[in-house]
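Structure first, commentary second.
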Amino acid sequence: MLADARVAIVGGGVAGCSLLYHLALAGWEDVVLLEEDELTSGSTWHAAGLCTQFNPSYNLTGLLRYSVELYKTLAADYRECGSVRLATTKDRVDEFRHRAATAELLDVPVEIIGPERLRELHPLVDVDDVLAAAYLPTDGHVDPSSLTRAFVDGAGDRTFRHTPVTGIERSEGAWTLTTPKGDVRAGTVVNAAGQWAPNVARLAGVDLPLVSLEHHYLVTDAIAEVRGLQRELPVLRDPDGSFYVRQEGAGLLVGPFERGTIPWEVEDGFHARLLPPSLDRLEDCLAAAAARLPAFGSAGIKNVVNGPDAYTPDGRCLMGPVPGLRDFHVLAGFSIFGIVFAGGAGRYAAEWIVDGQPSDNMWELDVRRFGEYARPASFLVPRAIDVYAREYAIHYPDEERDAGRPLKQDALYDVLSERGAVMGFRFGWERPLWFSRNGAHDEYSMRRGNWHEAVGEECRAVRSAVGVLDQTSFAKYRVSGPGAEEFLDRLCANRLPELGRIALTQMCRPGGGIECDVTITRVEPERFYLVSAAATELHDYAWLEWRLPDDDSVELRNDTERYGVLTLAGPRARELLQPLVEEEISRDAFPFFRARHLEVAGVSTLTLRVSYVGELGFELHHPIEDQWMLYQRLREAGEPLGLVDFGYRALDSLRLEKAYRLWGADMSADWTPLEAGLDRFVAFDKGDFVGRDALLRQRAEGVRRTLACLTVETEDTDPHGNEPVRAEGTPIGYVAAGGYGHVVERSIALAYLPVEHAEPGTHLTVDILGEPRPAVVVPQPIYDPENLRLLS
């Protein structure tokens with residue numbers, strides 16, 4: 001036996017060593033790190049070491065800020081030279097203003113500066129076409145190897161080098177890792193093997209959606225203009241030119257994100273090595289760099305680095321427990337941003353292991369955000385290459401990318417496309433976003449998109465008549481068996497439904513945060529049908545699976561691809577459906593939140609009397625093979641009634657008018673049901689459930705922040721998320737979700753605010769693209785507050 005440990009970390013790059021350090025901070029000293037070669041010999045050693053805190057996500061900006069603050073104290077060579085990012089278009093300026101407002105909420109200093117100030121900070125830059133720049137004075141860079149060494153020294157060196165892991169097996173409640181030097185037995189394994197993480201995962205029997213891509217940077221000879229500077233240049237990022245530049249001694253280090261990078265097939269034993277340069281595909285980016293920095297254009301090239309880095313389909317790393325494996329975590333796939341992410345990611349990964357959950361919601365990095373669809377190279381490679389090439393592209397609200405698509409298509413994909421559907425992508429599924437009347441496709445903007453009016457027509461049609469939406473992408477699970485009721489009751493904050501009824505419930509973490517949001521239908525005394533969002537299919541399934549009892553009294557099955565879902569919504573929905581069924585479906589015969597097995601136009605369905613738009617509605621869950629026929633029958637019956645197809649953008653607008661919550665946006669593990677305004681779905685008197693004690697404490701102490709609904713005075717822009725909410729100029733919260741309510745004709749924001757600012761009638765402001773806009777807290781919901789239409 002080489003070692004017996006509480007945690008075994010596989011991989012000695014900066015991420016694995018950061019985790020080692022943070023576990024030691026938590027008092028977990030019985031931890032070992034196994035490295036096949038030397039520390040940093042994967043991609044860490046050749047990284048440029050850039051550290052920026054400019055990110056569109058609230059939680060990830062917080063993660064990056066933590067990293068930078070840590071490096072200032074931990075790494076003696078952290079260089080706080082600042083960074084500047086250029087804007088040459090109005091859309092880019094809008095994007096910078098939005099991000100700067102988010103950064104302010106986290107005390108990350110960001111200034112939007114003009115060309116003259118930019119020239120003072122970076123005298124080598126040609127500013128003729130620059131409209132503005134984002135300046136982050138606390139950004140900088142650090143030497144990756146020194147940082148990694150600091151992590152290891154701070155942890156007390158428990159590393160085993162030249163110790164490759166050749167086998168991983170689980171038995172008797174623990175993992176055994178086979179190495180040439182002997183076995184390592186550990187309670188928890190963390191796969192931090194970087195580009196080799198897929199190989200390590202396969203030893204444990206799973207696959208990870210990671211591919212390595214080539215990335216170059218060039219180091220110039222000494223440049224006279226640089227040698228004469230009195231202070232170090234800030235790191236420069238030119239998004240339109242798609243490159244970054246930092247000072248390297250008396251020269252420059254220039255890194256392009258070119259179109260057409262290529263994947264690299266990971267080789268065993270590829271340690272502290274580089275790939276041959278391939279400068280021909282960098283020409284456009286290097287020409288842009290020479291135009292932006294004339295001194296670079298005339299400089300000699302001293303060194304060219306072409307090093308591979310591991311990418312996921314969205315460019316963000318994989319973190320957290322791996323579904324299907326108990327006590328097996330991953331911390332890998334940081335693309336080229338492993339250095340700046342390592343500090344914060346190591347902290348949250350350690351919390352996940354020690355406390356069972358990170359202190360902030362890390363859903364954007366959670367390995368469960370991807371399913372099996374993301375692993376084939378036919379999707380993974382083009383998706384990763386697209387992410388790489390667009391590293392500095394503007395990331396618009398509601399943006400969809402085509403790379404690697406389409407994947408999962410239900411029977412209506414072609415039919416709806418012919419009817420004008422502009423498709424979106426969620427957890428591998430193609431699904432309609434909106435319906436174009438003139439062949440138009442998405443045209444993105446930081447302001448309202450070209451779909452605004454068409455989506456408004458769909459919303460008004462649903463509210464006035466009836467609409468049909470393909471919601472086959474819903475995640476659907478069957479939980480059955482003699483222990484099913486006890487199992488679910490333990491996990492759910494709400495009471496379980498009686499036979500033939502539906503319950504909306506949250507599943508909470510022990511700390512009270514909302515981990516899952518599902519509807520549960522009891523279809524038989526010992527069989528339950530669960531439905532949750534498409535994006536959380538694997539996330540929610542894993543949450544259930546990890547908690548199954550060991551006595552085989554509960555069967556859990558993922559039925560997502562077995563059943564299609566067509567949703568009818570609108571005041572004429574019953575009028576459409578009634579002629580297609582034999583049973584009476586009047587309000588009294590088929591009330592709200594009930595479920596019935598109905599033959600609809602000859603198709604066997606589980607029909608749920610629910611609505612996410614706040615209108616009379618029915619969800620028709622049916623065998624996937626019957627979907628095309630069912631849709632055609634609904635269209636034929638609905639045409640005289642004004643039936644319209646509607647998409648998910650209309651759905652989002654309609655649900656905002658009703659202030660319905662959406663997990664991952666305005667409801668997440670960051671917030672409890674009490675804070676989210678969902679206390680009516682918490683049955684404290686039913687007995688114990690996960691999170692009950694924490695919620696009882698919170699109820700006794702009083703909720704300090706709550707999800708408020710605001711209307712905002714805007715013209716051609718709407719809140720989308722992360723915009724600061726201010727009281728007399730002081731930030732007091734941020735928008736969790738927002739958009740335009742087409743029927744109420746108001747811009748809507750859902751924001752977590754201190755309770756003293758959440759009273760209806762309170763006047764506040766919301767920053768939209770950097771401009772404070774008047775806002776007022778309003779009662780929830782704005783539309784049909786008495787639910788008369790929903791219950792009709």
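List, please: which pairs have Cβ atoms under 7 Å, are six or more places apart or on different chains, and start with a residue in segment 497-517 that is within 16 Å of VAL610 (Cα to Cα) and end with one that is of a type in the set (A, V, I, L, M) and assigned to a loop (DSSP other than H, G, I, E, B)?
Every condition considered, the pairs that remain are ILE502/VAL610; ALA503/LEU496; THR505/ALA493.
Against the conditions (1) closer than 29 Å to ALA349 by Cα; (2) modelled with pLDDT of 95 or more, where does GLU267 fall short? Just the number, please.
Every listed condition holds for GLU267 apart from (2).
Taking segment 67-123 as the search range and keeping residues that are more than 29 Å from ALA15 (Cβ to Cβ) and basic (Lys, Arg), which one is surrounded by the most Cβ atoms within 10 Å (Cβ to Cβ)?
Ranking the qualifying residues of segment 67-123, first place goes to ARG92.
Considering only residues that are acidic (Asp, Glu) and not in a loop (DSSP other than H, G, I, E, B), which ones fall in segment 230-244?
ASP238
Kindly check whether there is at least one residue in segment 253-263 that is surrounded by fewer than 14 Cβ atoms within 10 Å (Cβ to Cβ) and within 19 Å of GLU80 (Cα to Cα).
For segment 253-263, residues surrounded by fewer than 14 Cβ atoms within 10 Å (Cβ to Cβ) and within 19 Å of GLU80 (Cα to Cα): absent.
Condition first: within 16 Å of VAL304 (Cα to Cα), among the basic types (Lys, Arg), modelled with pLDDT of 95 or more and not in a loop (DSSP other than H, G, I, E, B). Can you find one or more residues in segment 245-259 that meet it?
Yes.
Listed here are the residues, each with its yes/no results for (1) assigned to a helix (DSSP H, G or I); (2) under 28 Å from the mean Cα position of the chain (by Cα); (3) farther than 23 Å from PRO239 by Cβ.
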site: GLY12; (1), (2), (3): no, yes, yes
site: TYR21; (1), (2), (3): yes, yes, yes
site: ASP37; (1), (2), (3): no, no, yes
site: SER43; (1), (2), (3): no, yes, yes
site: LEU70; (1), (2), (3): yes, yes, yes
site: ALA76; (1), (2), (3): no, no, yes
site: THR102; (1), (2), (3): yes, yes, no
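For the list (1) under 13 Å from LEU218 (Cβ atoms); (2) loosely packed, with under 15 Cβ neighbours inside 10 Å; (3) not acidic (Asp, Glu), I need the number of the one condition that ALA290 fails.
So the condition that ALA290 fails would be (2).
So ASP157 fits all but one of (1) in contact with a Pro (Cβ under 9 Å, 6 or more places away or on another chain); (2) under 22 Å from ALA15 (Cα atoms); (3) without any contact (Cβ under 8 Å) to a residue 60 or more places away in the chain; what number is the exception?
(1)
Within segment 684-728, can you find the residues that are charged (D, E, K, R) and touching a Pro at 6+ places or on another chain (Cβ under 9 Å)? Outline the logic, then answer.
As a first pass, look at segment 684-728 and keep what is charged (D, E, K, R): 685-686, 688, 692-693, 697, 699, 701, 704-705, 713, 715-716, 718, 723, 726, 728.
Hits for segment 684-728 are ASP693, ARG704, ARG705, GLU713, ASP718, ARG726.
Output the residues belonging to segment 45-58 that are of a type outside the set (A, V, I, L, M, F, W, C) and not in a loop (DSSP other than H, G, I, E, B).
Passing the criteria: only TYR58.
Go over the candidates GLU391, GLU458, GLU453, GLU399 one by one and state the one that is farther than 24 Å from LYS476 by Cβ, free of Cβ contacts under 8 Å to residues at least 12 places away in the same chain and of a type outside the set (A, V, I, L, M, F, W, C).
From the options GLU391, GLU458, GLU453, GLU399, the qualifying one is GLU453.
Does GLY483 satisfy the criteria of being within 22 Å of THR567 (Cα to Cα) and either outside the structural domain of ASP552 (by TED's automatic domain parsing) or over 25 Å from the mean Cα position of the chain (by Cα) (or both)? Walk me through it before giving the result.
Details: within 22 Å of THR567 (Cα to Cα): no; either outside the structural domain of ASP552 (by TED's automatic domain parsing) or over 25 Å from the mean Cα position of the chain (by Cα) (or both): yes.
No.
Here is a yes/no grid of residues against (1) under 24 Å from ARG426 (Cβ atoms); (2) small (Gly, Ala, Ser); (3) modelled with pLDDT of 95 or more:
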{"site": "GLU524", "(1), (2), (3)": "no, no, yes"}
{"site": "THR536", "(1), (2), (3)": "yes, no, yes"}
{"site": "HIS539", "(1), (2), (3)": "yes, no, yes"}
{"site": "ALA542", "(1), (2), (3)": "yes, yes, yes"}
{"site": "LEU548", "(1), (2), (3)": "no, no, yes"}
{"site": "GLU555", "(1), (2), (3)": "no, no, yes"}
{"site": "PRO571", "(1), (2), (3)": "no, no, yes"}
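What tally of residues in segment 147-170 results from selecting those that are farther than 17 Å from ARG6 by Cβ and part of a strand (DSSP E or B)?
2
Consider GLY424 carefully, then state whether it is of a type outside the set (Lys, Arg) and either within 22 Å of ALA534 (Cβ to Cβ) or touching a residue at least 24 places away in the same chain (Cβ under 8 Å) (or both).
Working: of a type outside the set (Lys, Arg): yes; either within 22 Å of ALA534 (Cβ to Cβ) or touching a residue at least 24 places away in the same chain (Cβ under 8 Å) (or both): yes.
For GLY424, the condition - of a type outside the set (Lys, Arg) and either within 22 Å of ALA534 (Cβ to Cβ) or touching a residue at least 24 places away in the same chain (Cβ under 8 Å) (or both) - is met.
Across segment 275-321, what is the total count of residues that are of a type in the set (Val, Ile, Thr) and either part of a helix (DSSP H, G or I) or not assigned by TED's automatic domain parsing to the domain that holds VAL84 (or both)?
Keep residues of segment 275-321 that are of a type in the set (Val, Ile, Thr), which gives 301, 304-305, 312.
The next check asks that each one be either part of a helix (DSSP H, G or I) or not assigned by TED's automatic domain parsing to the domain that holds VAL84 (or both); those that pass are none.
Final tally of qualifying residues: 0.
When you go through (1) crowded, with 24+ Cβ neighbours inside 10 Å; (2) touching a helix residue (DSSP H, G or I) at 6+ places or on another chain (Cβ under 6 Å); (3) more than 30 Å from ASP327 (Cβ to Cβ) one by one for HIS215, which number turns out not to apply?
(2)
Mind checking whether some residue in segment 273-281 is free of Cβ contacts under 8 Å to residues at least 24 places away in the same chain, closer than 27 Å to PHE341 by Cα and either out of contact with any helix residue (DSSP H, G or I) (no Cβ under 9 Å at 6 or more places or on another chain) or not small (Gly, Ala, Ser) (or both)?
In the first step, residues of segment 273-281 are kept if they are free of Cβ contacts under 8 Å to residues at least 24 places away in the same chain; the result is 273, 280-281.
Subsequent filtering for residues that are closer than 27 Å to PHE341 by Cα retains 273.
Subset that is either out of contact with any helix residue (DSSP H, G or I) (no Cβ under 9 Å at 6 or more places or on another chain) or not small (Gly, Ala, Ser) (or both): 273.
Scanning segment 273-281, I find at least one residue that is free of Cβ contacts under 8 Å to residues at least 24 places away in the same chain, closer than 27 Å to PHE341 by Cα and either out of contact with any helix residue (DSSP H, G or I) (no Cβ under 9 Å at 6 or more places or on another chain) or not small (Gly, Ala, Ser) (or both), so the answer is yes.
Cβ-Cβ below 7 Å, separation at least six or inter-chain, first residue in segment 626-654 and within 15 Å of GLY602 (Cβ to Cβ), second of a type in the set (Gly, Ala, Ser) and in a strand (DSSP E or B): which pairs?
Going by the 7 Å Cβ cut-off, the qualifying pairs are GLN627/GLY564.
Residue-wise test of (1) within 30 Å of VAL462 (Cα to Cα); (2) buried (at least 21 other Cβ atoms within 10 Å of the Cβ); (3) of a type in the set (Val, Ile, Thr); (4) under 23 Å from the mean Cα position of the chain (by Cα).
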| position | (1), (2), (3), (4) |
| --- | --- |
| SER653 | yes, yes, no, yes |
| LEU656 | yes, yes, no, yes |
| SER668 | yes, no, no, yes |
| THR672 | no, yes, yes, yes |
| ARG680 | yes, no, no, no |
| PHE689 | no, yes, no, no |
| ALA700 | no, no, no, no |
| ASP716 | yes, no, no, no |
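Which ones in segment 438-479 are of a type in the set (Ser, Thr, Tyr) and either crowded, with 17+ Cβ neighbours inside 10 Å or under 25 Å from PRO719 (Cβ atoms) (or both)? Outline the logic, then answer.
Of all residues in segment 438-479, those of a type in the set (Ser, Thr, Tyr) come to 444-445, 464, 472-473, 477.
Those that are of a type in the set (Ser, Thr, Tyr) and either crowded, with 17+ Cβ neighbours inside 10 Å or under 25 Å from PRO719 (Cβ atoms) (or both): TYR444, SER445, THR472, SER473, TYR477.
Name the residues in segment 175-189 that are over 31 Å from the mean Cα position of the chain (by Cα) and within 28 Å of ASP355 (Cβ to Cβ), would you?
We begin by selecting, within segment 175-189, every residue over 31 Å from the mean Cα position of the chain (by Cα); these are 176-185.
Residues satisfying the conditions are THR176, LEU177, VAL184, ARG185.
Need at least 1 residues that are more than 27 Å from GLU561 (Cα to Cα), modelled with pLDDT of 95 or more and not charged (D, E, K, R) per element, so show me which helices (runs of 4 or more DSSP H) inside segment 330-430 make the cut, counting only ones lying wholly within it.
On the way: elements: 338-355, 377-389, 413-418.
Passing ranges, in order: 338-355, 377-389.
Within segment 141-196, work out how many residues are at positive phi and surrounded by fewer than 18 Cβ atoms within 10 Å (Cβ to Cβ). So that I can check it myself, show each step before the final result.
Taking segment 141-196 as the starting set, the residues that turn out to be at positive phi are 156, 162, 172-173, 182, 194.
Of the ones still in play, those that are also surrounded by fewer than 18 Cβ atoms within 10 Å (Cβ to Cβ) are 156, 162, 172-173, 182.
Within segment 141-196, residues that are at positive phi and surrounded by fewer than 18 Cβ atoms within 10 Å (Cβ to Cβ) number 5.
The values are calculated or read from the model by the stated rules, or taken from the named source; none is laboratory data. What you are looking at is a predicted structure, and each value in this text was computed from that prediction instead of being measured. For neighbour counting, all protein chains shown are included, and Cβ atoms are generated from backbone atoms with ideal geometry for every residue, glycine included.
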